[in-house]
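Working notes, structure below.
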Amino acid sequence: MDYLLLILGILFEAMGTASLKLIAGPRDITHIVMCLLGYGCGMPLYMRSLKHIGLSITSAFWNGLGITCTTIAAVLIFHEKMTVARVTGIALIICGCVILAFSGQTA
């Protein structure tokens, strides 16, 4: 359940971040509401998941999955180009987040 809350928080945060791009253009109240809803729901879900999951794990998942979801949104919604360099960079970020998340665990 705690990981579900974390994943939902990440998805809301990615929605808020993607909405920022929409707000940068011609402003529409829908985009502002989506942004506020994204961050307004994402942060409490993240804080709730911190009660039962370690900070290093939640932070690594938040950053790694957040970047991945935001990049997917950029490609699908805003038609940004996906290059080999971007895919490699995202893969390295995710690998780094996974290493950080599990390096502090003891057997």
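The values are calculated or read from the model by the stated rules, or taken from the named source; none is laboratory data. Quick caveat, the model's predicted, so the values are computed rather than measured. Reconstructed Cβ throughout: ideal geometry from the backbone, glycine too, with neighbour counts over all protein chains shown.
Details
- Taking segment 1-82 and the helices (runs of 4 or more DSSP H) fully enclosed by it, the elements with 3 or more residues that are among the polar types (S, T, N, Q) are at 55-78.
- Here Gly54 meets the list (1) surrounded by 13 or more Cβ atoms within 10 Å (Cβ to Cβ); (2) in contact (Cβ under 8 Å) with a residue 24 or more places away in the chain almost entirely, failing just condition (1).
- Residues that are more than 15 Å from Thr17 (Cβ to Cβ) and touching a residue at least 12 places away in the same chain (Cβ under 8 Å), drawn from segment 68-92: Arg86
Each row is one residue, and each column tells you yes or no for (1) more than 23 Å from Ile90 (Cα to Cα); (2) in contact (Cβ under 8 Å) with a residue 40 or more places away in the chain; (3) β-branched (Val, Ile, Thr).
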residue: Leu6; (1), (2), (3): no, yes, no
residue: Leu11; (1), (2), (3): no, yes, no
residue: Asp28; (1), (2), (3): yes, no, no
residue: Ile32; (1), (2), (3): yes, no, yes
residue: Gly40; (1), (2), (3): yes, no, no
residue: Met43; (1), (2), (3): no, no, no
residue: Ser49; (1), (2), (3): yes, yes, no
residue: Asn63; (1), (2), (3): no, no, no
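- Lone unmet requirement of (1) at pLDDT 90 or above; (2) of a type in the set (Ser, Thr, Tyr); (3) touching a Leu at 6+ places or on another chain (Cβ under 9 Å) for Ser59: (1)
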